[in-house]
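To start, the structure under review is shown below, and the notes come after it.
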């Protein structure tokens, strides 16, 4: 194992940390191999569940939005999944617009990344594009969307200086050379893919190439890597739930690599997160599919197919409006209204709020499954 995987560069009253190129020397202990085997098995089960989806938008869209909410929450944003879905459906949401914008930007960045993977691999260019999407229109932040930092940044308690920070990333002139090595490793690594992305995630966070948004871009790249390597058929793994639930362990793991070269501890933690969230995803997907199947059976004998198709829309967004339903299904407004009324009679949806016009309905049982906290044991054994 390496001691400290990098060098310190004096910058006056403080020193910046420049990580060594990947990969490090790894000790393949039985514990690490067991964690890898468990993570591989469970993410394979999640991939299988995703591959069986009759409608690829069912689960993929709400799961991606849950990842956006939880990744943004780690950075202090407070919007909930329900608020994001309600706003997308056209409902009035009390949440601060800035919070919803940041979460919405994460969704836009993820969707942009998924499309771009058809044309180019994960690379420094894509990293900049993701950051530009993520930070677009975010007020009050000197984020320089899509631009690598030209000044020194640092990580620590609010109000700290570079001299008192808990971690100081590389000086600005070292950012692009470090990222070039990072990209080279991603393309050339012969390590198991889950180990490759665990190492690459640490490295990206250590480089910290932007003034803001580094954590969110780093977590986006995990999802995109799993898609690029065809480990998952769609963004079904929301690993940010694990990082959020074990935030102290997450930051301690990253710091442990920088300070002690504790690669095994970090990789084991990362693999445990993959296993736990894949397990949670399979369980959650099964419950959601069961709900949708049950509801479609309830409306299967209706005079028109519109109620059945409206249930399909709930798999994409648990919130529904008559206008949205009419537009998406290509039916008359009154036809959509009648279909939603039928779903309301059956107890599948209920109106949110008391509006007489532009009513918004929610499949609360479905939203409850989506918003339910993941059942995790972050510090436990795999």
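Taking the criterion of being without any contact (Cβ under 8 Å) to a residue 12 or more places away in the chain, in a loop (DSSP other than H, G, I, E, B) and over 21 Å from residue 61 (Cα atoms), the residues of the range 319-358 that qualify are 332, 347, 354, 355, 356, 357.
With respect to the conditions (1) buried (at least 18 other Cβ atoms within 10 Å of the Cβ); (2) in contact with a helix residue (DSSP H, G or I) (Cβ under 7 Å, 6 or more places away or on another chain); (3) over 21 Å from residue 256 (Cα atoms), residue 211 lacks only one, and its number is (2).
The single condition from (1) more than 27 Å from residue 232 (Cβ to Cβ); (2) modelled with pLDDT of 90 or more; (3) touching a helix residue (DSSP H, G or I) at 6+ places or on another chain (Cβ under 8 Å) that residue 141 fails is (2). Residue-level analysis places residue 306 among those that are more than 20 Å from residue 92 (Cβ to Cβ), buried (at least 19 other Cβ atoms within 10 Å of the Cβ) and in contact with a helix residue (DSSP H, G or I) (Cβ under 8 Å, 6 or more places away or on another chain). Scanning the range 1-44 for residues being over 30 Å from residue 171 (Cβ atoms) and surrounded by 15 or more Cβ atoms within 10 Å (Cβ to Cβ) gives a total of 8.
Looking across 218, 261, 273, one residue alone is surrounded by 17 or more Cβ atoms within 10 Å (Cβ to Cβ), free of Cβ contacts under 8 Å to residues at least 60 places away in the same chain and in the same structural domain as residue 115 (by TED's automatic domain parsing). It is 218. Restricting attention to the range 1-44, and to residues there that are touching a strand residue (DSSP E or B) at 6+ places or on another chain (Cβ under 8 Å) and free of Cβ contacts under 8 Å to residues at least 40 places away in the same chain, which single residue is nearest to residue 239 (Cα to Cα)? Here the answer is 20.
The values are calculated or read from the model by the stated rules, or taken from the named source; none is laboratory data. Please read all numbers here as calculations on a predicted model, not as lab measurements. As a convention, Cβ positions derive from the backbone with ideal geometry for all residues, glycine included, and neighbour counts pool all protein chains shown.
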